[in-house]
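Undergrad: One structure is given below, represented as structure tokens, and several questions about it will come after.
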Amino acid sequence: MSDVKLAPSILAADFARLGQQVTEAAQAGADRIHVDVMDGHFVPNLSMGPAIVQSLRRVTDLPLETHLMVTDPDLFLDEFAAAGSDSLLVHWEGNANLHRTVQRIRTLGKRAGVVINPATPAAVLEEIVQDVDQVLVMTVNPGFGHQQFIRTTVPKIGRVRELIERRNPGCEVEVDGGIDATTAPLVVRAGATALVAGSAIFGDRDGVTAAMNRLRDASRDMEYNNATINGNAA
Ligand code: DX5
Ligand code: ZN
């Protein structure tokens with residue numbers, strides 16, 4: 001099995017030293033940088049906009065993954081694409097025309113992803129998974145960093161992986177929220193192929209490199225095990 005990808009979330013970074021922190025994450029082997037965009041409406045918090053993506057674009061060659069926690073993502077796709085986002089992740093919740101949004105992202109030449117909240121079942125992905133490059137399963141309710149991992153999302157990760165194996169095997173299964181060295185093995189075993197982590201990387205007192213090594217070690221050798229997770233026969 002190939003190594004799990006790591007996507008440090010800059011929501012937990014020190015914004016006064018953002019370029020430096022991203023460079024450190026890149027040197028420690030980050031696969032991409034996760035940018036959390038919040039509008040104070042879709043989620044009860046405000047974070048950052050395209051200007052941050054534009055600045056980051058100048059300091060790193062890593063793919064910039066933009067997680068849009070906004071009420072109407074369609075209004076911002078062009079702007080983030082122009083700023084330098086490589087992938088645009090949009091929520092299933094509240095989007096009455098998700099297929100159109102995904103097609104627009106593809107037209108812009110960007111990777112497309114669909115995000116589902118903890119209370120949203122895997123089954124809603126059935127008719128969209130073949131059109132996306134990644135699914136992001138929220139393992140906390142979106143809106144804030146440093147929240148507690150919601151354990152009931154683990155079997156759902158397995159169901160998402162199963163659906164993906166069936167309908168679009170090239171699609172990634174990424175997880176977001178409360179991921180650290182304790183929860184990483186659980187989600188990887190359940191089927192996650194990429195991990196977003198904010199506070200476990202930028203909030204670690206030993207520094208970004210040590211934190212990333214710890215996360216990587218914790219997820220290594222944790223093969224996807226569908227039989228155990230879903231109670232299916234092998
Ligand atoms: C939550 C965001 C996450 C957040 C994760 O709404 O989507 O990406 O940064 O932070 P941690 O890893 O601290 O839970
Ligand atoms: Zn996120």
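Undergrad: By its C-alpha gyration tensor, with a ≥ b ≥ c as the square roots of the eigenvalues, how is the chain shaped: rounded for a/c under 1.5, else prolate for a/b larger than b/c, else oblate?
TA: Judged from the Cα gyration tensor, the chain comes out oblate (a/c at least 1.5, b/c at or above a/b).
Undergrad: Given the Cα atoms of the range 77-189, and with Rh set as the inverse mean 1/r over their pairs in the Kirkwood sense, what is Rg to Rh to two decimals?
TA: On the Cα set of the range 77-189, Rg over Rh gives 0.96.
Undergrad: As a test of the formula, what do you get for the chain when each DSSP H run with n ≥ 4 contributes -39,500 (n - 2.57) and the sum is divided by the residue count, at 222 nm and rounded to the nearest 500 deg cm²/dmol?
TA: -9500 deg cm²/dmol, from helical runs alone.
Undergrad: Which shape class applies to the range 1-128: rounded if a/c is under 1.5, otherwise prolate when a/b exceeds b/c and oblate if not, where a ≥ b ≥ c are the square roots of the Cα gyration tensor eigenvalues?
TA: prolate
Undergrad: Between exposed GluC sites (Glu not before Pro) in the chain, where DSSP calls loop and at most 14 other Cβ atoms lie within 10 Å, what's the longest gap?
TA: In the chain, the maximal stretch lacking such sites is 1-125.
Undergrad: Quick one: among SER47, SER199, SER85, which has the greatest mean-square fluctuation in a GNM of the chain with alpha-carbon springs under 10 angstrom?
TA: Highest fluctuation of the listed residues: SER47.
Undergrad: In percent, how large is the relative contact order of the range 1-72, given Cα pairs closer than 8 Å and 6 or more residues apart?
TA: Relative contact order of the range 1-72: 34 percent.
Undergrad: May I ask you to derive the relative contact order of the chain, considering only C-alpha pairs under 8 Å and at least 6 residues apart, and to give it as an integer percent?
TA: 21 percent
Undergrad: Explain nothing, just the number: relative contact order of the range 127-234, from Cα pairs under 8 Å at least 6 residues apart, as a whole percent.
TA: Here the relative contact order equals 27 percent.
Undergrad: Related question: Which of LEU108, LEU136, LEU186 comes first, and how do the rest follow, when ranked by fewest Cβ neighbours within 10 Å?
TA: Exposure proxy ranking, most exposed first: LEU108, LEU186, LEU136.
No lab work stands behind these numbers, since they all come straight from the coordinates. All values derive from a computational prediction rather than experimental measurement. Note that each Cβ is placed from the backbone with ideal geometry, even for glycine, and that neighbours are counted across all protein chains shown.
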